[in-house]
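The values are calculated or read from the model by the stated rules, or taken from the named source; none is laboratory data. These numbers were taken from a predicted model, which means no experiment stands behind them. Here the Cβ positions follow ideal geometry from the backbone for every residue, glycine too, while neighbour counts run over all protein chains shown. These area figures cover heavy atoms from the full protein model, side chains too; ligands, DNA and RNA do not enter into them. Shrake-Rupley method; radii C 1.70, N 1.55, O 1.52, S 1.80 Å.
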Amino acid sequence: MVLVVVFGVALLVAVLLSGLAARTVLSTSFLFLVGGALVSDGFLGLIHITPNSEIVSVTADLALFAVLFTDGMHISLPSLRANWRNPARALGLGMPLAFVFMALVTHVLVGLDWMTSFLVGAVLAPTDPVFASAIVGRREVPAKLRQLLNVESGINDGLALPVVLVLIAAAGPAAGGAGTSLATIGLELLVGLALGVVLPLLVGQLVRFRLLGAEPKLQPLLPLATGIILYAACHLTHANPYLAAFSAGAVLAHLSPEARASFEPLGEALAELAKFAALLVFGALLTPALFGDLSWGGYAAVIVAIVLIRPASLLLSLIGTRIPRKEKLVAAWFGPKGFASVVYGLLVLQSGIPQAEKAFTLIAVCIAFSIIAHSSTDVPIARAFDVDDLVGIPDAEDAANSTPSPSLAGTGAT
């Protein structure tokens, strides 16, 4: 219950400061990350969470599923068919380059063996647009840039997962089981994709029955019910829930634009709540002891990963495209490590491979630094695209110069 109280207080503070955060380098994501760290054993000791606590894996899993489901609903399939080349370059060339470069840096600077180094590279290869919301969530930002970041981050989670699982199997004591694991992983991906496509299609058919249909005020709950059933079905069948979530969101949005429009406010709010809960719990793992366990070479690897590896990998993959230089640079910078990397990092920690703890420490610190760096730079960079009205509340100067309506004037006089 203490954790619930802490979450409520953190949520209240984040909401009250959200207007300021949307106009400055302060970010709500950073507030929850710091809040989790402050109440953990490393500081105030109000909550006791370890990497092996079930709440860590559950909240990260739910957050990633919710974010991917809502991201999928933002995808326009006709637009994607017409503009698939840039995301395909980022996924087919940029992501493998980042994976290999990170493995090389990890091996050289941190001293992990090659298999574990490649595992770290696979865990940190996926990106997450949640921490660049001022970029991907604004219509003033060019559509190609938003689509590139959204599609890349939505799909790369599912692409990285089988690589992570295979490398865990190869790095563990039972390395000979990697072939069997590969077949199992492939089946899980296929079942996840199938569930993500078939379930929304079935729901769409049910809605067409003459006697069935949702009244307007309950219509937003239709995609929510579909997502809940899908999440449970994936875990019961051991299907890949992340590929299922993204594909289901995209199929639902394609089948029913009305359902997408009605669900969007609710879906965004639920995804935000799940994200904040996961950040709070993840922040509780960021104790001084964890940061102290990382070597100077590890910190160098973290900086190189954020400042050099992601930008260089994506810029190389976009050579020859018609994307303007400014948009390329923005896309190259915004490669934050998010919930997929948290979930996959926990898989590494719980795998029992020889260098699991050392690898997780590097992964956790890299995610923390990435969240801080990217969520605090999205607003300043958004202004380069003439995104001025970043929140729905006016600046102090605008409020002072505005003329109050008669009703508001009457209220203020009392």
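The single condition from (1) among the β-branched types (Val, Ile, Thr); (2) modelled with pLDDT of 90 or more; (3) open to solvent by 20 Å² or more (accessible area, probe 1.4 Å); (4) more than 30 Å from residue 198 (Cα to Cα) that residue 321 fails is (2).
To keep it simple, each residue is scored yes or no on (1) without any contact (Cβ under 8 Å) to a residue 12 or more places away in the chain; (2) surrounded by fewer than 11 Cβ atoms within 10 Å (Cβ to Cβ); (3) of a type in the set (Gly, Ala, Ser); (4) in contact with a Pro (Cβ under 9 Å, 6 or more places away or on another chain).
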| position | (1), (2), (3), (4) |
| --- | --- |
| 197 | no, no, no, no |
| 201 | no, no, no, no |
| 210 | yes, yes, no, no |
| 220 | no, no, no, yes |
| 224 | no, no, no, no |
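Is region 196-218 home to any residue that is of a type in the set (Gly, Ala, Ser), over 29 Å from residue 318 (Cα atoms) and either in a helix (DSSP H, G or I) or modelled with pLDDT of 85 or more (or both)? Yes, there is a match, as at least one residue in region 196-218 is of a type in the set (Gly, Ala, Ser), over 29 Å from residue 318 (Cα atoms) and either in a helix (DSSP H, G or I) or modelled with pLDDT of 85 or more (or both). From the list 244, 274, 301, the lone residue that is among the small types (Gly, Ala, Ser), crowded, with 16+ Cβ neighbours inside 10 Å and modelled with pLDDT under 90 is 274. Meeting the requirement of 2 or more residues that are at pLDDT below 90 and within 20 Å of residue 370 (Cα to Cα), the helices (runs of 4 or more DSSP H) wholly within region 77-185 are 133-136, 143-171.
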